[in-house]
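These notes concern the structure reproduced below.
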Amino acid sequence: MSVKTAIYPGFFDPVTNGHLSIINRGLHVFDNLIIAILHNPQKTPLFSVEERIKMIKQSIKGQPRIEVDTFDGLLVDYAVKRNSNVILRGLRALSDFEYEFQMALMNRKLNRDVQSIFLMTDYKWFYTSSTIIKEAASFGGDVSGLVPKVVNEKLKEKFQQLKKT
C-alpha cells in the first residue's frame, strides 16, 4: 500500500478554525498533508509568511503527519514536485464552489494526473473567512471562537501595533 499525501494550499492569513477542521478531516482520508502557503505578490497579507507558518505549526501542535511549506507558481507543478497527485480544498458557500470549480478545471487542464478533492466545511464555519475575521479583529471584535488561541493573540498584537503607527 502506498502512502497518500494531499496538498492543502491556501493563503492562511491567518489560519482559522475552519481551516483546522478541513486539516483534521483531511487526515482521516489521507496519510499525510502538506499545508502549502501560497506566496502571492498580488495580495497584501496582514502576517508575513514566517508568522503564518509559526501560527499554523502552533495550531496543529506538532502533528507528525502534517508538513507546512510555501510555494509560488503553479499548484499542479508544486504537487508533482512534492510527489502528490491530490489537491485538498475546503468549500463553504456557493461562491466558493464556483471559484474552486474553475480552479480545479484549470488544474486538470494543466495536469490531468493531479486530482482536486473537496471537503465541505463544518456548518459552524460556513460563513467565516480569514478576511471577515481580520476585519472584525481590526475593530476590536472578539474572534476567539473562530481562530486558534495563538492566532487570536497574534491578531490583537498585530492590530495594536498597527494602531501605534
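Just so you know, all these numbers are worked out from the coordinates, no wet-lab data involved. Treat the numbers as computed from the prediction; the structure is a model and nothing was measured. Ideal geometry is used to build each Cβ from the backbone, glycine not excepted, and the neighbour counts take in all protein chains shown.
Worth a mention:
- Reciprocal mean inverse distance between Cα atoms of the chain - Kirkwood radius, Å: 16.5 Å
- Virtual spin-label span in nm between Lys61 and Tyr127, 7 Å along Cα→Cβ: 3.0 nm
- Alpha-carbon centroid distance for the pair segment 8-46 / segment 116-144, whole angstrom: 13 Å
- Value of [θ]222 nm, deg cm²/dmol, for the chain, DSSP H segments ≥ 4, -39500 (n - 2.57) each, nearest 500: -13500 deg cm²/dmol
- Net charge in the neighbourhood of Ile53 (other residues with Cβ under 12 Å of its Cβ; Lys, Arg +1, Asp, Glu -1) is -2.
- Along the axis of the charge dipole computed for the chain (Cβ charges of +1 for Lys and Arg, -1 for Asp and Glu, origin at the Cα centre), the listed residues Thr16, Thr5, Pro148 are led at the positive end by Pro148.
- Charge sum, other residues only, whose C-beta stays under 11 Å from Glu100's C-beta, Lys/Arg counted +1 and Asp/Glu -1: 0
- Per-peptide packing, taken as the mean over residues of other Cβ atoms within 10 Å, places 132-141, 156-165 in the sequence 132-141, 156-165 from highest down.
- Kirkwood-type radius of segment 62-138, with distances r between different C-alpha atoms, in Å: 14.4 Å
- Charge dipole (the chain, unit charges on Cβ, about Cα centre) - positive-most of His28, Leu74, Ile87: His28
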